[in-house]
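**Student:** After the structure tokens below, expect a handful of questions from me.
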């Protein structure tokens, strides 16, 4: 059995499940980018605004435009106190609603593997960034086992359920990212790995965060209660738990940056 589509329409559930991870990786990503203050940014696929808020809080940008196809996610983003001043609008990563050369930087935070045509998405980011500006992204290493929800999804598969992969999962690989950036004409292309850890108070905290959104939630809804309990028991036994009952999990992302040719 499989899920054919991945949708994120609950900003609060996304925040608990993925927003925390996004900020953990985003901190490292922004340290690596070391951007100048007062830049104009576009956050492509901004979702519920987790990375947008981080950017607003850390780098005093002159402007941030967040673009995402999900109205409910954007509605949540607009409630973030730390994102006050950012502008959020519905839009398509492959056809950004901005004129050429408008921004100093364009970013995709955990998004490029959801873009049906990643090359078009990177090309659009390059189009709307000024010469000498930055085009950058980070994406969970799907092929290399870096996805935060990997333990849950492995249990689903062991029970005959096959949660959908993002449509462009291969774009999370470093060599594919480098090829996309080079093909878009970007220069000074650099890549790096980002490894982050998240600690959960106990197994129930882990379970709620990792099964309460998107494809994980939809897959659970298809399962018989006895199968859910069996899966919980196996997952609990497989996860590393410390003496206080806390669960610590590690995730890994691949990051890339490049400059628009002058």
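The values are calculated or read from the model by the stated rules, or taken from the named source; none is laboratory data. Just so it is clear, the structure is predicted and the values come from calculations on it, not from any experiment. Here the Cβ positions follow ideal geometry from the backbone for every residue, glycine too, while neighbour counts run over all protein chains shown.
**Student:** Please go through the range 86-108 and pick out each residue that is within 16 Å of residue 258 (Cβ to Cβ) and in contact with a helix residue (DSSP H, G or I) (Cβ under 6 Å, 6 or more places away or on another chain).
**Tutor:** Within the range 86-108, 103, 106 qualify.
**Student:** I need the full set of residues from the range 111-125 which are surrounded by fewer than 20 Cβ atoms within 10 Å (Cβ to Cβ) and under 22 Å from residue 187 (Cβ atoms), in order please.
**Tutor:** 119, 120, 123
**Student:** So which residues in the range 161-187 are more than 15 Å from residue 117 (Cα to Cα), at pLDDT 90 or above and over 17 Å from the mean Cα position of the chain (by Cα)?
**Tutor:** 175, 178, 182, 185, 186, 187
**Student:** Right, here's the next one. Conditions: (1) over 23 Å from residue 25 (Cβ atoms); (2) in a helix (DSSP H, G or I); (3) touching a helix residue (DSSP H, G or I) at 6+ places or on another chain (Cβ under 8 Å); (4) in contact (Cβ under 8 Å) with a residue 40 or more places away in the chain. Residue 227 meets all but one. Number of the miss?
**Tutor:** Every condition holds for residue 227 apart from (3).
**Student:** If we only count strands (runs of 3 or more DSSP E) wholly inside the range 31-121, which ones have 3 or more residues that are over 23 Å from residue 193 (Cβ atoms) and under 14 Å from the mean Cα position of the chain (by Cα)?
**Tutor:** 63-68
**Student:** Something else now. Could you tell me which of the residues 16, 78, 58 is at pLDDT below 95 and within 27 Å of residue 217 (Cα to Cα)?
**Tutor:** Just one listed residue meets the conditions, 16.
**Student:** For the range 47-68, how many residues are more than 17 Å from residue 19 (Cα to Cα) and surrounded by 15 or more Cβ atoms within 10 Å (Cβ to Cβ)?
**Tutor:** Total satisfying the criteria: 5.
**Student:** For residues that are assigned to a loop (DSSP other than H, G, I, E, B) and surrounded by 12 or more Cβ atoms within 10 Å (Cβ to Cβ), tally how many sit in the range 230-262.
**Tutor:** Residues that pass the stated criteria total 5.
**Student:** Looking at the range 137-175 only, could you name the residues that are in contact with a helix residue (DSSP H, G or I) (Cβ under 6 Å, 6 or more places away or on another chain) and either under 30 Å from residue 38 (Cβ atoms) or without any contact (Cβ under 8 Å) to a residue 24 or more places away in the chain (or both)?
**Tutor:** 137, 138, 139
**Student:** Check whether at least one residue in the range 65-79 is touching a helix residue (DSSP H, G or I) at 6+ places or on another chain (Cβ under 6 Å) and over 26 Å from residue 208 (Cβ atoms), and report yes or no.
**Tutor:** Checked the range 65-79: at least one residue is touching a helix residue (DSSP H, G or I) at 6+ places or on another chain (Cβ under 6 Å) and over 26 Å from residue 208 (Cβ atoms).
**Student:** Can you pull out every residue in the range 109-128 that is in contact with a helix residue (DSSP H, G or I) (Cβ under 6 Å, 6 or more places away or on another chain) and closer than 20 Å to residue 35 by Cβ?
**Tutor:** Within the range 109-128, 109, 110, 112, 122 meet the criteria.
**Student:** Of 186, 180, 235, 259, which residue is farther than 25 Å from residue 107 by Cα and in contact (Cβ under 8 Å) with a residue 40 or more places away in the chain?
**Tutor:** Every option except 235 fails the conditions.
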